[in-house]
Every structure is written in structure tokens, then in C-alpha cells.
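Enquirer: Take a look at this one; I'll ask things after.
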Amino acid sequence: MSAHPTYRHVDGERIPGTTRHAFIRNGSDYYLTDLIVYADGLIDCWGLVGLAEFEEKLRSGWVATTLEQGARASVHHVAAWKFDEPQSWVTPDMLLGEVRDTIDELNGRPDSTGRCLAAVDTYLADPTDERQWQLLDAYLAIPEHLRHYALGDMDNKDWPLQVLAVGVGGRMPRGDEAVTEKMYAAALAYFARQRELRTEHETRTEAFGPVEPSAPAVSLAHRVFPKGWPDDPGLLALRNEYPCPIQVRGIEYPDVDRAYLALSTGDETGHRAVLMAESNYAAKRMAETAPRRPGWEQARLAVMAQLMRAKYAQHPALAELLLSTRDAKILYSSADSAYWGEAGPRGRNWAGRLLELIRGELAADAAGIGAT
């Protein structure tokens, strides 16, 4: 289910969810639809229901896990057909277990597979009979159709897990084969090797670096200072409207935003009017009416990058301030543009992303490993 994320809004809160295909039986007809499971425990099966009511709909056949020969089925507005030798792969108990696991996953809790693997570690640390029974219970709690995925090993599937769970002399849950001492020793060797591989993975340095930053995210919120910027604005000095003059092509601009707005127009009169405006607000209003430079939409990202580089090249103290954010994700809010700022689902946060890029360039230069 986790491959198909979705959500719904409740009282302004976004509730994550995920979907899987399922048949709803309404009368004598079957309808292929999406079964939607949400983190708050509600399931949409043509109406939101709780887990207990969902189980009732499974047992009653409303959410169908068996399909009748010759029954009519359809996908709304797409197609209709009749079943011929239908086969289904899950029982009500299997699907109910899958839904329960999904709710756990959406809430960041271990699902039945995670709990079983934790029971493996517990048993291997102290292999008592009681812990083996707990391991077997945890294994059997995994929905049956998902058990062979539990180890993420498509060669051995869940064979080592079954052997370890039932022990020497026990019967395998699938196939009823008796576990021998040789089989049990092989399972122990399998899990010992898995621990070695896990340790190697945890201590290995990723060749292309970590995926997630180690420093907490930084938010550069848009602020208005009617009486002027404070003497020490902190990280807000990284914002593009922060007053620090930059020289670009022989012209001095009061800040990055003003330079960007002035360069956006190819009209000399408009350029000068934007440059000389009494405030950034006035400059924005002038830039809105000035003719746009040809090709500006395609060039604007590179131009902004050049202007921001100029800011940190010409103001070393600000470069050090940017470097102090380490590898944090920089979230840049903008009152004017979802392209430059992070503004809900539409926000592109390009100003924040460029700050991260320039920070990386500064760090590379400081370490003597720059590309040039």
C-alpha cells in the first residue's frame, strides 16, 4: 500500500493515507475501486469507517475477497466484464492484517513484520523456549500473504524465519515439514550473516554522502520591519531583501532583490526606476508594469544564482553566517512568489535551494576542493 500515498484534510490538519485496489460488492455486482487507509485509523470503502466496521464489511462480503464465477464487474466509466474462473489471493483475515499494518506504518510504528524481526533479535540474544513461542506468535501475526516478504530475501524468502520460530522438531507453518538440527543450524548461520551485513551497512560511509541533513532545518521567514532592520537580524540577513549593497556589472544595487527586479526589465528607463525606488515594495510595483526582458523566465534562475553569489562573495561575514547553517535544509518563505519561496504544496523554494547550493560552494572553496 505504501507505494500509493494520498491524504485528506480534517479541521485544517492533513491526514496521510495510502491506497490499494479492492472490489466492492454492491448487490450482485463487483466494482473495482481504491481502498483508502488513513493514519487516523479510518478506511474509505465507499464511505469512511473505523477498523471494527471495516472488519464487518469484510466478513459480510461488501469488501470482497472472493469472486463468483460469471458475476458482473466494472470500473466506473472505464469498462465492464464478467468473471471467468476468478481467483483471489487474499482472505478477509489477510486483508484485515494488511490494513492494520498500514495504519501502523502511517503512524511510524513497527508493523507486524517489524515486530516479528524485533522478536528474532530478542530470541537470538537469549534463546529461551518462551522467547521462541513469542517469536512464533509474532511470525503468525504477519498476514499470511506477506510472510514470504518479511526478510526482504527473494531467494530464501521466509524459510529461515519459519525454522527459527518453530525450532528443532517443530513443524513448519507452511508445508508442515519437520525442522532438523541441520536446518536449524543453517537458520542460525543465516541470521548471523544478516547481523554482519547489517553492521557493515550501519558503519559504511555512503559514497555519495548521506541522504538526510544532520543539522535541523532553517526557516527564513518573511518579516516586515517598519522601523528598519535590526542591528542583528540573525539568520534573516540571509534573505534577499536584507540591505547589503552588491556590485553587479559596474552598478551598485542595495540588495539582491532590488538587483533581480531591476535586471528583469530590458527597458533602461524601467531599470533605473526600479533601481532608484524608495523601497523594495515600490520597486516591485514598478517592476510589475515595466516590460519584461526577453527570455527572462528561462534565465531568471541563473541570474538569481549569480546575484546571490555576488552577495556572499562581497560580504564575507554573511558568507560565514550562511556556512553556520551547516547542511540544514533552508526553507525560504516569500510573500510574493511560490517559485522562490516554500508556500504549501505549490512552493518551489528556489531561493532556499540556491542558498544551499552557494553554501556548498563556499564550503568546497574553504576546504580547497572547489571544482575550479
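The values are calculated or read from the model by the stated rules, or taken from the named source; none is laboratory data. Just so it is clear, the structure is predicted and the values come from calculations on it, not from any experiment. Every residue, glycine among them, receives a Cβ derived from its backbone with ideal geometry; neighbour counts consider all protein chains shown.
Enquirer: Checking the condition within 28 Å of Gly347 (Cα to Cα) and over 39 Å from the mean Cα position of the chain (by Cα), which residue from Gly266, Gly270, Gly250 passes?
Expert: Gly266
Enquirer: Having 1 or more residues that are more than 27 Å from Pro210 (Cα to Cα) and β-branched (Val, Ile, Thr) is the bar; report the helices (runs of 4 or more DSSP H) wholly within the range 263-352 that clear it.
Expert: By residue number, 268-276, 280-289, 296-314.
Enquirer: How about the range 32-84: which of its residues are among the aromatic types (Phe, Trp, Tyr) and farther than 19 Å from His145 by Cβ?
Expert: Tyr38, Trp46, Trp62, Trp81, Phe83
Enquirer: With the checklist (1) under 34 Å from the mean Cα position of the chain (by Cα); (2) outside the structural domain of Gln162 (by TED's automatic domain parsing); (3) outside any loop (DSSP other than H, G, I, E, B) in hand, flag the one item Gly41 doesn't pass.
Expert: Every listed condition holds for Gly41 apart from (3).
Enquirer: If Ala52 satisfies every condition in (1) of a type in the set (A, V, I, L, M); (2) under 25 Å from Ala138 (Cα atoms); (3) in contact (Cβ under 8 Å) with a residue 12 or more places away in the chain but one, which is the exception?
Expert: Condition not satisfied by Ala52: (3).
Enquirer: Still on this model: Only residues that are within 17 Å of Ala119 (Cα to Cα) and surrounded by fewer than 18 Cβ atoms within 10 Å (Cβ to Cβ): list them for the range 174-188, please.
Expert: Leu188
Enquirer: I would also like to ask the following. Residues of the range 115-132 being out of contact with any helix residue (DSSP H, G or I) (no Cβ under 8 Å at 6 or more places or on another chain) and surrounded by 15 or more Cβ atoms within 10 Å (Cβ to Cβ), which ones?
Expert: The one that is out of contact with any helix residue (DSSP H, G or I) (no Cβ under 8 Å at 6 or more places or on another chain) and surrounded by 15 or more Cβ atoms within 10 Å (Cβ to Cβ): Leu117.
Enquirer: Quick check on the range 265-281. Is at least one of its residues assigned by TED's automatic domain parsing to the domain that holds Arg359, surrounded by fewer than 19 Cβ atoms within 10 Å (Cβ to Cβ), more than 19 Å from Arg309 (Cα to Cα) and in contact with a Gly (Cβ under 8 Å, 6 or more places away or on another chain)?
Expert: There is no residue in the range 265-281 that is assigned by TED's automatic domain parsing to the domain that holds Arg359, surrounded by fewer than 19 Cβ atoms within 10 Å (Cβ to Cβ), more than 19 Å from Arg309 (Cα to Cα) and in contact with a Gly (Cβ under 8 Å, 6 or more places away or on another chain).
Enquirer: Within the range 53-79, restricting attention to residues that are aliphatic (A, V, I, L, M) and out of contact with any Asp or Glu (no Cβ under 9 Å at 6 or more places or on another chain), which residue is farthest from Thr33 (Cα to Cα)?
Expert: Filtering the range 53-79 for residues that are aliphatic (A, V, I, L, M) and out of contact with any Asp or Glu (no Cβ under 9 Å at 6 or more places or on another chain), the one farthest from Thr33 (Cα to Cα) comes out as Leu67.
Enquirer: On the given criteria, is Met154 under 32 Å from the mean Cα position of the chain (by Cα) and free of Cβ contacts under 8 Å to residues at least 24 places away in the same chain?
Expert: Answer is yes for this residue.
Enquirer: I'd like the full set of residues that are in a strand (DSSP E or B) and of a type in the set (Asp, Glu), limited to the range 201-255.
Expert: Glu252
Enquirer: For the range 16-41, which residues satisfy the criterion of being more than 21 Å from His76 (Cα to Cα) and surrounded by fewer than 20 Cβ atoms within 10 Å (Cβ to Cβ)?
Expert: Matches in the range 16-41: Pro16, Ala39, Asp40, Gly41.
Enquirer: Quick check on my filter: what residues within the range 189-201 are of a type in the set (S, T, N, Q) and loosely packed, with under 11 Cβ neighbours inside 10 Å?
Expert: Selection gives Thr199 alone.
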